[in-house]
Number of protein chains: 2
Amino acid sequence: MRVIISLTEENYLKAIYTLSHLFEESEVSTNQISDHLNNKAATVTDMLKRLSEKKLIHYIPYQGVKLTEKGRQTAIKVVRKHRLWEVFLVDKLQFKWDEVHEIAEQLEHINSDELIQRLDKFLGKPKFDPHGDPIPDANGQLNIVKAIPLNQHKIKGLFTFVGVCEHSKTFLQHLTSIGLKIGDTLKVEEINEFDNSFKVKINKNNSQFFSNKVASNILVEIKK
Amino acid sequence: MRVIISLTEENYLKAIYTLSHLFEESEVSTNQISDHLNNKAATVTDMLKRLSEKKLIHYIPYQGVKLTEKGRQTAIKVVRKHRLWEVFLVDKLQFKWDEVHEIAEQLEHINSDELIQRLDKFLGKPKFDPHGDPIPDANGQLNIVKAIPLNQHKIKGLFTFVGVCEHSKTFLQHLTSIGLKIGDTLKVEEINEFDNSFKVKINKNNSQFFSNKVASNILVEIKK
DNA sequence: ACAAATTTTTAGACTGGTCTAAATTTGATC
DNA sequence: GATCAAATTTAGACCAGTCTAAAAATTTGT
């Protein structure tokens with residue numbers, strides 16, 4: 001009685017999963033999905049009907065959708081595979097962190113439980129991907145230590161850079177160009193009221209300014 | 001002006017490539033392809049028209065097909081990816097040689113030149129896959145040292161086991177169960193006329209009998 | 001050389017995934 | 001609570017890839 005889930009359906013489930021976690025756990029609208037996947041609302045409606053028939057989502061016309069437990073399991077497995085492959089690409093094949101997304105989008109649909117279990121072991125059962133995003137474990141459990149963007153801490157002091165919100169190539173390349181990597185220590189020396197920019201020292205280097213836009217996309221933890 | 005080649009089209013090209021090399025380099029028929037891919041002849045005809053329009057094959061109705069240079073390059077790239085991924089699965093993830101085919105069938109369609117170049121380097125630029133099949137290089141060149149099945153050597157003496165003809169799980173598991181691995185030395189001690197079976201010693205172990213069916217699917221080189 | 005058997009192609013239909021254009025529902029505003 | 005704009009769904013179309021059934025071409029056997 002196993003339902004077959006196509007690559008396209010997997011992508012819809014992943015999109016719904018991602019969108020529902022953007023702010024609070026919540027319902028996702030047809031338009032949000034069509035924006036995210038770059039296709040038309042009518043197309044999304046058709047797919048929602050199919051996913052609903054397969055019991056992968058709860059769908060009430062005009063009301064938005066939520067994943068069922070089965071849908072959530074499927075989505076999180078795709079996320080797990082995506083993030084594990086990103087670790088493989090960076091750690092083993094020496095790709096840069098801004099180069100791996102498109103390839104992982106393909107690899108995440110390879111279907112073999114045995115493969116993913118062995119890959120996980122081969123990589124040393126990593127807990128985070130190269131962008132600091134947590135990797136769900138084999139049971140679909142996720143480390144929920146959600147870090148907070150730098151600009152939301154309104155205090156000076158020491159932080160550890162643990163992840164990014166924005167995953168675009170240009171943003172990641174920008175961070176690389178200013179010399180910032182996951183795990184670095186950030187010392188916030190000044191917070192400018194008028195434009196919400198931050199004067200920050202990376203590790204022991206010279207201080208530089210982070211715009212609010214940069215600071216809002218950098219996830220940090222207070223350094224112990 | 002780059003033509004997009006779908007996963008399905010890649011599989012047809014690979015099938016044509018494989019079938020055309022089975023005996024001599026030759027034309028491939030519609031029925032051969034439909035048998036190989038387990039679909040109907042009518043389906044194959046449709047696809048042949050499409051591949052022909054894309055200049056990937058030379059197709060004359062009722063006459064069979066041959067790959068164009070572009071088609072051959074595409075097919076051989078898929079073969080290269082398949083075999084490199086098989087090496088990865090066996091060497092890095094410790095899969096057994098009879099477990100990797102289905103997974104590699106999926107991985108062979110991942111589309112990234114950079115990925116395959118880095119994977120090749122990571123694996124140490126292997127020349128052969130776990131079944132002894134040669135891996136085409138990045139330019140589509142293939143080691144053409146075609147080994148010969150054991151049963152075609154009508155002489156006793158020492159051989160090296162370099163590959164298999166048959167790739168089925170059951171055959172590979174059979175070889176494993178009799179303790180035979182790529183690279184092993186085979187000493188042919190007797191050839192029985194009446195059933196064409198072979199009495200063979202693997203490395204320094206006890207002698208055993210190979211049926212003609214086994215001997216015909218084992219590729220060997222005369223040991224220097 | 002011609003009829004029979006086989007192979008291949010054509011015709012027409014279906015599914016998944018997409019689209020545009022039109023109709024419907026929701027919900028915000030006055 | 002009636003109206004209007006935005007969001008969503010329905011209707012109808014298209015393409016890729018598959019099928020079955022029927023027609024056409026090729027090959028084979030006597």
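Laboratory data are not the source of any read-out in this text; all were calculated from the coordinates shown. Owing to the predicted nature of the structure, the values given are computational and were not obtained by experimental measurement. Cβ placement follows ideal geometry from the backbone for every residue including glycine, while neighbour counts extend to all protein chains displayed.
Comparison of B:101, B:21, B:82 shows that the only residue that is more than 30 Å from residue A:103 (Cα to Cα) and away from DNA strand D (no atom under 16 Å from the Cβ) is B:21.
Table: residues versus (1) in a loop (DSSP other than H, G, I, E, B); (2) surrounded by 13 or more Cβ atoms within 10 Å (Cβ to Cβ); (3) under 22 Å from the mean Cα position of the chain (by Cα).
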site: B:159; (1), (2), (3): no, yes, yes
site: B:171; (1), (2), (3): no, yes, yes
site: B:174; (1), (2), (3): no, yes, yes
site: B:187; (1), (2), (3): no, yes, no
site: B:190; (1), (2), (3): no, no, no
site: B:193; (1), (2), (3): yes, no, no
site: B:209; (1), (2), (3): no, yes, no
site: B:215; (1), (2), (3): no, yes, yes
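Within the stretch B:66-79, the set of residues being touching a Gly at 6+ places or on another chain (Cβ under 9 Å) and within 15 Å of DNA strand D (Cβ to nearest atom) is empty. Could we say that residue A:48 is over 23 Å from residue B:106 (Cβ atoms), free of Cβ contacts under 8 Å to residues at least 40 places away in the same chain and in contact with a helix residue (DSSP H, G or I) (Cβ under 9 Å, 6 or more places away or on another chain) here? Here the answer is yes, as residue A:48 does meet what is asked.
Residues that are farther than 16 Å from residue B:77 by Cβ and in contact (Cβ under 8 Å) with a residue 40 or more places away in the chain within the stretch B:129-144 comprise B:130, B:131, B:132, listed in sequence order.
Note on the stretch B:65-122: residues that are touching a His at 6+ places or on another chain (Cβ under 7 Å), more than 14 Å from chain A (Cβ to nearest Cβ) and under 16 Å from residue B:140 (Cα atoms) amount to 1.
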